[in-house]
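Just below is one structure, and these are the notes that go with it.
The values are calculated or read from the model by the stated rules, or taken from the named source; none is laboratory data. Model, not experiment: these values are computed from the prediction. Cβ: placed from backbone, ideal geometry, glycine included. Neighbour counts: every protein chain shown. What goes into the accessible areas is simple: the full protein's heavy atoms, side chains included, and nothing from ligands, DNA or RNA. Shrake-Rupley method; radii C 1.70, N 1.55, O 1.52, S 1.80 Å.
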Amino acid sequence: MKRRLIPGIAAVALMAAGLASCGGDSAATEWTLENALSDGELGYIILVGEDGNPEAEDRTKGCVDALNEIAAEGGFTAKELERHTCVAADGSTWNDQAAKEFVERAINQYGSSLDFIVSNNDGMAVAASGAAGLLKGTPIVGFDALSSACDMIKEGTLAGSVSQNGDDQALATATVLANLILGNDPVIDDTYGGKANLNLEGYDEHIIQTEFAAVTAGNADSLKPGAYVDVEKVEGIEGKKMLVAVYNATDNFINETYYKALPHYAEAMGFDVTVIAGDGQNDTDLLERVTSAAAEGNYDCYALNIITHANYEAYLNAVGDKPVVFFNRQPKKSDDSGVADLSTLDKVYYVGSGSVGQGVAQGQIIKDWYHALA
């Protein structure tokens, strides 16, 4: 599926990280591009959120491609020192503490060869910025536009991030479910009322996406989660029951966006909302809770953020013939080989940003960061 690229990114915010000059001093305490490339290499590490996660895989690939591109352009080598999946001892993925511990180990192991950090999300990026021994201004690129990351981009302590407009995804999710209940066609269009433009190129495949936005010092406040738009009651929705299931309430992105925004918007439309959360590790508990709720609660619709992308059919079997929106974590084929086809399911849609194209967006941040400095 084709994606539209991010519009031009303001370079000023991205220049802030690492502009202090150290004159090539090997004992430097602040990062500079001159020092980083003095050995002809830009050494980088990658903080991976979750093995097999299509978003993580796409972001990783896009950033590696971008680093190789700027290296070819600049006449140096982009050298991947190591990539590490940041899993905590309890099995939870996308773990901030695990990310910080890995960066501290990498600092000790690679020393001055560590020049750049790629993170699959902002939570791990923010954690990495606090690693002991990290040169001040070491460029770190994240993803998600968390509030803390937006503040750090304004300060110049993060090189950049990408917003997938999670609050607007939540509004789109509630809008689609309302229209499915009411029998409206289309279930959503560009007048849905959110701040972010929708990418509806995959609408026929029941895929609805918000367009990405580059986070800069100039727009960081407007892209922070929680800047809601006004929503009115929807005739015919008052008292309809919605079950929202999130894969893990402690996930940084989910917690700052959907976990709060989806009930906010759904209740504003008139829905009666119940929220349940999984442990982020496996589907057993969350699927059991969804199944039990469906049997007991007489829900009119479901918004599901599943743990294992390829298990979407088990959730559909649990909820029966009711409108469903899978959000944020896109359903995959049962053999995990690619995105699932939802187009034959009249009442089932996916709302999010899509796994394909996230790496292009994050990679563009890296390329604009380099051009601003070089």
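Numbers for the structure displayed
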| read-out | value |
| --- | --- |
| Any pair with Cβ under 8 angstrom, 6 or more apart, that starts in segment 156-172 at a residue that is open to solvent by 10 Å² or more (accessible area, probe 1.4 Å) and ends at one that is among the β-branched types (Val, Ile, Thr) and assigned to a strand (DSSP E or B) | ASN165/THR210 |
| Residues of segment 33-87 that turn out to be touching a Leu at 6+ places or on another chain (Cβ under 6 Å) and modelled with pLDDT under 95, as a count | 0 |
| Residue count, segment 219-251 (criterion: more than 20 Å from ASP300 (Cα to Cα), open to solvent by less than 50 Å² (accessible area, probe 1.4 Å) and not in a loop (DSSP other than H, G, I, E, B)) | 3 |
| Subset of segment 286-297 [more than 11 Å from LEU243 (Cβ to Cβ) and open to solvent by 70 Å² or more (accessible area, probe 1.4 Å)] | GLU288, ALA295 |
| Scope segment 26-72; condition under 13 Å from GLY363 (Cβ atoms) and of a type in the set (Asp, Glu); matching residues | ASP58, ASP65, GLU69 |
| Residue in segment 73-89 that is open to solvent by 60 Å² or more (accessible area, probe 1.4 Å) and in a helix (DSSP H, G or I) present | yes |
| Selection count where residues are in contact with a Lys or Arg (Cβ under 8 Å, 6 or more places away or on another chain) and of a type outside the set (A, V, I, L, M), scope segment 256-300 | 9 |
| Number of the condition not met by GLY91 [criteria: (1) under 18 Å from the mean Cα position of the chain (by Cα); (2) at pLDDT below 95] | (1) |
| Residue pairs meeting the criteria (Cβ under 7 Å; at least 6 apart or on separate chains; first in contact (Cβ under 8 Å) with a residue 60 or more places away in the chain and surrounded by fewer than 20 Cβ atoms within 10 Å (Cβ to Cβ), in segment 43-55; second of a type in the set (D, E, K, R) and in a strand (DSSP E or B)) | PRO54/LYS332 |
| Tally of residues being open to solvent by less than 20 Å² (accessible area, probe 1.4 Å) and either farther than 27 Å from GLY183 by Cα or among the hydroxyl-bearing types (Ser, Thr, Tyr) (or both) across segment 300-309 | 3 |
| Single residue of segment 318-338 satisfying the filter (at pLDDT below 90 and not hydroxyl-bearing (Ser, Thr, Tyr)) that is surrounded by the fewest Cβ atoms within 10 Å (Cβ to Cβ) | ASP335 |
